[in-house]
1. Counting other C-beta atoms within 10 Å, and keeping those with at most 14, which DSSP coil trypsin sites (Lys or Arg not before Pro) do you find in segment 5-73?
2. For Ser20, Ser36, what's the fewest-to-most ordering of other Cβ within 10 Å of each Cβ?
3. Would you mind ranking Ile62, Ile16 by Cβ crowding within 10 Å, fewest neighbours first?
4. With a ≥ b ≥ c taken as the square roots of the eigenvalues of the C-alpha gyration tensor of segment 3-73, please select rounded if a/c is under 1.5 and otherwise prolate if a/b is larger than b/c or oblate if it is not?
5. Net charge within 13 Å of Ile62 by Cβ-Cβ distance, Lys/Arg positive one each and Asp/Glu negative one each, not counting Ile62 itself?
6. Would you mind counting up the charge near Thr17? Only other residues with Cβ under 13 Å from its Cβ, with Lys and Arg at +1 and Asp and Glu at -1.
7. Can you pull the one-decimal nm distance between simple spin-label points at Thr48 and Val72, each 7 Å off the Cα toward Cβ?
8. Using 0.36 nm per residue of separation minus the Cα-Cα distance, give me the extension gain between Glu39 and Ala27 in nm, one decimal.
Amino acid sequence: MTEAVLPSGNEYVHAITVLSDKLGVGANDVAAVFNSELERLASGARITNFLVVLALSKTRTILRARTARAAVN
């Protein structure tokens, strides 16, 4: 079995910037969560075609939850 080769993080800068602007969260925070989720998903993935989409979706969910919790406190 061949190991999946994922593009470097620099290729996701636009997506991270857009998500950062949309959620009102710093780009560094978005990038950290995104990279963590992408690595987590990639570690067990056999098919890597949609990992970026899944990682962005999970990143959005995590950051929305953090923002909601911060608003309550």
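Only the coordinates and a few stated rules stand behind these numbers; no lab work does. This is a predicted model, so every value here is computed, not measured. Cβ atoms come from the backbone with ideal geometry, glycine included; neighbour counts cover every protein chain shown.
1. Arg46
2. Ordered by Cβ neighbours within 10 Å, fewest first: Ser36, Ser20.
3. Ascending number of Cβ neighbours within 10 Å: Ile62, Ile16.
4. prolate
5. +4
6. -2
7. Taking the two extended label points, one gets 3.7 nm.
8. Here the segment from Glu39 to Ala27 would lengthen by 2.5 nm.
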